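First up is the structure itself, then whatever we jot down about it.
The values are calculated or read from the model by the stated rules, or taken from the named source; none is laboratory data. Everything numeric here is computed off the predicted structure, so don't read it as measured data. Cβ placement follows ideal geometry from the backbone for every residue including glycine, while neighbour counts extend to all protein chains displayed.
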Amino acid sequence: MQALPGFRDFLPADCAVRNYIFAQWRDVSRRYGFVEWDGPVLEPTDLYKKKSGEEIIGQLFNFTDKGGREVAMRPELTPTLARVVAAHEREFKKPLKWFSIPQCFRYEKQQRGRLREHFQLNCDLIGDSSEDADAEMIALLVDLLRSFGFTPDEVRVYVSHRGAWGDYLRNHGNSLSSGEMQEFLTVVDKIERLDETVADERLKRLGTSLQLVRQFIQRPEQYFDAFRGLTDKLKARGLAQFVTLRPQIVRGLAYYTGFVFEAFDRPGKLRAIAGGGRYDNLVAQLSEGAVSLPALGFAMGDVVLGELIRETPSARAQMEAAVEREQQLDVYIVIAKEERRADALAQVQALRDRRYRVDYPLTAARVGKQFQTAEHLQARFAVLFGDEWPQVKLKNMTTGEQESVQVETLAARLQVLF
């Protein structure tokens, strides 16, 4: 039997890569003062319908449970976040700076960069509507990309603002209803993929045109005062070179209310690495008005990110070095004389108690084979228990240098060498 379509097995090498990605996500998020949380994999289907409408049903792994409840495996974390915040927001001082690494599930067509399950980093800042909060989140996204070894020549964060489009249309005598504005932004979101004739027809039905939209895309600066302020804050951190104004980045989801942003590889060969924005009304919407808090956040998926790491030589080298360090064994115990096995096991336990990564042969084996195993496991040192007892032979597996050490001083000697 094989794994289901769109689902992955994580063999040790795959798991090591996944752990590397998770470690970077956690490290950078915590440096920004974010704390980790999580929610259930299974939620009421209505929670996702409330956010995304009935059309979300076709993308869900949903079913009726044994209690007769309509439930779904989470396709994203934001609805759960809104539910949790609405229930517990009085317990926490604002703003909340939370991150999570959920596994999400979507029943959709598989294609490059998109499977039916994936892990993603979610970072959300709740309870602050300031421009400084916007800058903090975009800086966090940039630093996450930098942590994987990417440079401004390899990745870019594109930023836009939902309100700028409304200002531009009003200045050209076109005031759209909220429904029309959402339809307009949907066209803009797909402007580079739509046939020109189709795009122009859809825009003209809304009282505008493809020409007018392109004029704005080419010269948007006067409508983006907020972007200049954002850029100044990123310049102060030395991160502005990663960020570019791109008006057509509007993100198709209706709940965004302010800045929106997406991260891409510079050549544009892959899907978005990450995306998000400000969603000041979503908590109120999903809590049916019980709680109203400004919020913004983004998600970064492991599938596209993993592809980009593998395709970028410097990022790939950094990952491979980190994985090798993480998998490397500290000490391999070689038991040359079986009568010394009990003494060797005592040292195995003592070294493990000191947090060294230690392995040894579970059954009797030739000394040469044991050293081969030490090499295979990339052990930094091998310790041989044999005829010199109570001394042991300590071998540096990289240089080949050997020395005899009294067994009672072995831990101290290793501490010096490490």
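General observations
Table: residues versus (1) touching a helix residue (DSSP H, G or I) at 6+ places or on another chain (Cβ under 8 Å); (2) over 29 Å from Phe7 (Cβ atoms); (3) in a strand (DSSP E or B).
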site	(1), (2), (3)
Leu270	yes, no, no
Gly275	no, no, yes
Asp280	no, yes, no
Val283	yes, yes, no
Glu288	no, yes, no
Val291	yes, yes, no
Gly297	yes, no, yes
Met300	yes, no, yes
Val303	no, no, no
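- Taken as a whole, the condition of being closer than 30 Å to Lys269 by Cα, crowded, with 18+ Cβ neighbours inside 10 Å and not β-branched (Val, Ile, Thr) does not apply to Tyr48.
- Of all the numbered requirements in (1) touching a residue at least 60 places away in the same chain (Cβ under 8 Å); (2) surrounded by fewer than 20 Cβ atoms within 10 Å (Cβ to Cβ); (3) within 26 Å of Gly306 (Cβ to Cβ), Tyr107 misses one, and that requirement is (1).
- Filtering region 49-75 to residues that are more than 22 Å from Asp128 (Cβ to Cβ) and charged (D, E, K, R) leaves Lys49, Lys50, Glu54, Glu55, Asp65, Lys66, Arg69, Glu70, Arg74.
- Region 197-208, residues that are surrounded by 15 or more Cβ atoms within 10 Å (Cβ to Cβ) and either among the hydroxyl-bearing types (Ser, Thr, Tyr) or assigned to a helix (DSSP H, G or I) (or both): Ala199, Asp200, Arg202, Leu203, Thr208
- Beta carbons closer than 7 Å, at least 6 apart along the sequence or on distinct chains, pair a first residue in region 175-192 that is touching a residue at least 12 places away in the same chain (Cβ under 8 Å) with a second that is among the small types (Gly, Ala, Ser) and surrounded by 15 or more Cβ atoms within 10 Å (Cβ to Cβ) for Met181/Gly166; Gln182/Ala254; Val187/Ala199; Ile191/Ala199.
- Single residue of region 378-390 satisfying the filter (modelled with pLDDT under 95 and not aromatic (Phe, Trp, Tyr)) that is nearest to the chain's Cα centre (by Cα): Gln378
- As for region 73-83, it holds no residue that is among the polar types (S, T, N, Q) and over 23 Å from Leu293 (Cα atoms).
- Tally, over region 369-388, of residues that are of a type in the set (Lys, Arg), loosely packed, with under 14 Cβ neighbours inside 10 Å and touching a residue at least 12 places away in the same chain (Cβ under 8 Å): 0
- Close contacts from region 130-149, counting a first residue that is surrounded by fewer than 20 Cβ atoms within 10 Å (Cβ to Cβ) and a second that is at pLDDT below 95, with Cβ to Cβ under 6 Å and a gap of 6+ residues or different chains, come to Glu131/Gly229.
- The listed residue being buried (at least 18 other Cβ atoms within 10 Å of the Cβ), in the same structural domain as Leu185 (by TED's automatic domain parsing), among the small types (Gly, Ala, Ser) and under 30 Å from Lys93 (Cβ atoms), out of Ala274, Ala284, Ala236: Ala274
- A single entry from Arg357, Arg340, Arg366 fulfils the requirement of being in contact (Cβ under 8 Å) with a residue 24 or more places away in the chain, among the charged types (D, E, K, R) and over 30 Å from Tyr20 (Cα atoms): Arg340.
- Failed condition for Phe99, given (1) over 27 Å from Ala321 (Cα atoms); (2) under 15 Å from the mean Cα position of the chain (by Cα); (3) of a type in the set (Phe, Trp, Tyr): (1)
- Scanning region 21-38 for residues that are in a helix (DSSP H, G or I) and either under 14 Å from the mean Cα position of the chain (by Cα) or at pLDDT below 95 (or both) yields a count of 10.
- Region 59-119 holds strands (runs of 3 or more DSSP E) entirely within its bounds, and those carrying 1 or more residues that are on the phi < 0 side of the Ramachandran plot, touching a helix residue (DSSP H, G or I) at 6+ places or on another chain (Cβ under 9 Å) and assigned by TED's automatic domain parsing to the domain that holds Glu131 map to 96-100.
- Per-region count, region 305-335, residues over 16 Å from Phe150 (Cβ atoms), in contact with a helix residue (DSSP H, G or I) (Cβ under 7 Å, 6 or more places away or on another chain) and buried (at least 19 other Cβ atoms within 10 Å of the Cβ): 5
- Exclusive hit being hydrophobic (A, V, I, L, M, F, W, C) and in contact with a helix residue (DSSP H, G or I) (Cβ under 9 Å, 6 or more places away or on another chain), set Ala412, Ala382: Ala382
- Val334 satisfies every condition listed in (1) in the same structural domain as Phe105 (by TED's automatic domain parsing); (2) among the hydrophobic types (A, V, I, L, M, F, W, C); (3) over 27 Å from the mean Cα position of the chain (by Cα); (4) modelled with pLDDT of 95 or more except (1).
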